[in-house]
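Structure first, commentary second.
Every number in this text was worked out from the coordinates using simple rules, so none of it is lab data. Note that the coordinates shown come from a computational prediction; the quantities given were computed from them, not determined experimentally. Here the Cβ is made from the backbone with ideal geometry for all residues, glycine too, and neighbour counts use every protein chain on show.
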Amino acid sequence: MLADFIQYDFLRNTFFTGLLIGIIAPLLGTFIVVRRLSLIADALSHVTLAGIAFGLFLEKKFAITFITPLYSGMAFSVIGSVFIEKLRAVYKAYQEIAIPIILSGGVGLSVIFISLANGFNTDLFNYLFGSVSAVSQKDFLSILGISIVIILIIWLFYKELVTLSFDEEHATVSGIHAKHIHLLFIVLTALVIAASIRIVGVLLVSALMTLPVAASMRLAKGFKQMLVLSIIFGEAAVIIGLISGYYFSIPPGGTIVVVSIIILLASIFLKRVSFTLKRAG
Amino acid sequence: MGAPLITLKDVSFSYDDKEILSKVNFQINKGSFLGLIGPNGGGKTTLTKLILGLIKPDHGEIFLFGMPISNFKDWNRIGFVSQKANSFNKGFPATVFEVVAMGLTAKIGYLKFFKRSHKQQVLHAIEQVGMQDYAYENIGNLSGGQQQRVFIARSLVSEPELLILDEPTVGVDYENVQRFYELLHELNKAHGITLLLVTHDTGTMTEYATDIACLNKTLHFHGNPNEYAALKETDLSRIYGHQVSIVTHDHE
């Protein structure tokens with residue numbers, strides 16, 4: 001792998017992109033999980049697919065290449081995230097209904113754009129399950145830029161996000177602008193999803209946002225600890241997943257998720273053992 | 001008596017067509033410990049929500065620290081403790097330190113960071129409520145009474161002048177309720193924090209409060225504990241309507 005890694009640009013692009021999303025997906029994922037919004041990631045990833053299909057359609061039918069599928073996917077994802085917020089405000093008592101609406105809307109649009117672009121091809125397959133060879137230099141640089149912006153914003157608004165996630169009522173009473181912070185957060189989530197899709201694919205992107213968090217939740221005492229552990233688990237899953245995916249010629253989405261599940265099971269087991277030991281000792 | 005911190009003038013509020021509060025006039029002065037009691041559905045929680053600016057009155061005016069509520073911006077002068085021992089985000093893995101630090105978020109302000117001096121403030125607030133041995137424990141592993149102390153520390157850390165507590169003893173056992181009131185008493189006397197305590201616990205509270213107000217749609221009584229004790233059965237049943245029997249049986 002090392003020789004290949006030095007020789008092939010695309011492998012380096014993929015690997016570095018993987019390292020970036022190994023940070024940003026669990027970073028946002030931690031807030032998503034504690035706020036019980038895990039399914040929103042799924043809904044947004046399907047909207048992103050519609051955006052990607054739209055980009056591919058433009059490319060095929062009109063030879064428009066300056067809007068890459070990454071950018072059109074991102075645009076759709078962000079618009080979808082704003083829609084989810086609007087729907088959640090409309091259906092106050094049934095906030096979760098926003099998720100199936102946006103998810104099915106995303107799939108519906110995807111089907112339309114895919115068939116307009118003359119159906120399925122390998123490119124689309126890569127978007128569904130991820131790929132070790134699909135990341136171009138341009139994509140990598142875009143994702144690098146997005147990652148820096150995301151990490152910077154989370155760093156700047158960390159204390160507000162934590163306070164809001166823990167107890168929205170108290171945060172509002174103490175004078176934090178819950179609505180604006182929440183909107184900012186959901187837009188960031190949309191960007192992370194769009195950025196991650198090249199590596200893990202539409203169908204599995206929410207797994208990279210939630211599984212490392214589910215694992216670290218078993219072990220961490222506090223929030224910061226959980227955040228750091230989630231990122232470590234996320235990175236481990238991405239690195240092991242990408243390498244094994246490359247060797248066995250399997251889309252990395254599959255291997256990354258399987259590694260994440262192994263980490264999750266190990267953390268549940270570890271918690272059990274330490275609990276039993278504490279009781280016995 | 002000090003200056004008025006909260007003033008309500010002819011405040012009315014309805015949910016849909018049901019009138020919850022009708023022409024409530026009410027004042028809390030600096031340094032007092034006011035116990036607000038009344039039957040369930042009497043509008044106690046609605047009143048706190050109005051004071052906290054979470055909802056707006058249909059009629060009447062509210063003043064905080066002498067300023068109309070619409071112009072009031074210094075929300076960190078007011079601390080709020082709700083029934084959160086029962087309803088905060090329980091799955092959230094946060095240490096006691098992290099939870100109390102959240103009380104400083106709004107005061108520190110946007111785009112500014114948590115510093116070493118803030119850390120001292122947080123530890124001090126944790127000590128004030130006697131939870132220093134648990135500072136780095138997960139909040140989810142504590143008892144209801146301990147959690148409630150942590151939530152008080154979260155309100156105290158921003159050094160509010162007025163603390164509003166909405167039924168904070170719900171779900172806390174009897175012995176801890178006593179300790180809880182002693183803590184409130186100390187905050188009021190030693191630290192000069194003005195308290196508004198909303199409760200249906202008419203027993204213990206009267207030993208510590210300096211003022212008692214009864215609310216059932218409108219304000220039926222506002223006086224000191226001695227005056228409250230002198231109220232006759234007939235007055236109480238007027239205040240509580242049909243609920244008088246339920247309330248007295250509560251404390252048997």
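Straight-distance candidates among the aspartates and glutamates for linking to B:Lys107, with alpha-carbon spacing under 15 Å and chain neighbours fewer than 8 residues away dropped: A:Glu160, B:Asp74, B:Glu159, B:Glu161. Mean partner shielding of peptide A:215-221, defined as the number of other chain Cβ atoms within 10 Å of each residue Cβ, is 3.
The alpha-carbon of B:Lys112 sits under 17 angstrom from the alpha-carbons of these lysines, leaving out residues fewer than 8 places away in its chain: A:Lys159. In summary, the helical segments of chain A meeting the span-like criteria, namely a full DSSP H run, a Cα extent along the axis of 18 angstrom or more and a mean Kyte-Doolittle hydropathy of at least 0.0, are A:9-34, A:38-62, A:69-90, A:98-116, A:137-156, A:178-200, A:205-219, A:223-248, A:252-280. In summary, the lysines within cross-link reach of A:Lys61, defined as a Cα separation below 23 angstrom excluding same-chain residues under 8 places away, comprise A:Lys138. Counting only other chain Cβ atoms within 10 Å of each residue's Cβ, the peptide B:90-103 averages 6. Listing A:Tyr71, A:Tyr8, B:Tyr228 from fewest to most neighbouring C-beta atoms within 10 Å gives A:Tyr8, A:Tyr71, B:Tyr228. The overall shape of the stretch A:1-66, judged from the alpha-carbon gyration tensor, is oblate: a/c is not under 1.5, and a/b is no greater than b/c. For B:Trp75, A:Trp155, the sequence from fewest to most other C-beta atoms within 10 Å is A:Trp155, B:Trp75. At each listed q (0.06, 0.09, 0.15 Å⁻¹), what is the log10 of I(q)/I(0) that the Debye formula gives for chain A modelled as equal alpha-carbon point scatterers? The Debye formula, applied to the Cα set alone, gives -0.19, -0.43, -1.12.
Mean partner shielding of peptide A:155-165, defined as the number of other chain Cβ atoms within 10 Å of each residue Cβ, is 5. The fewest-to-most ranking of B:Glu98, B:Glu207 by surrounding Cβ atoms within 10 Å reads B:Glu207, B:Glu98. Mean residue ellipticity, 222 nm, helices only, the protein assembly as shown: the sum of -39500 (n - 2.57) across DSSP H runs of n ≥ 4, divided by residue count and rounded to 500, is -19500 deg cm²/dmol.
Across the alpha-carbon set of the protein assembly as shown, the Rg to Rh ratio works out to 1.07, Rh being the Kirkwood radius.
For the listed peptides A:220-231, A:268-279, A:122-133, a ranking on the average number of other beta carbons within 10 Å per residue, highest first, reads A:220-231, A:122-133, A:268-279.
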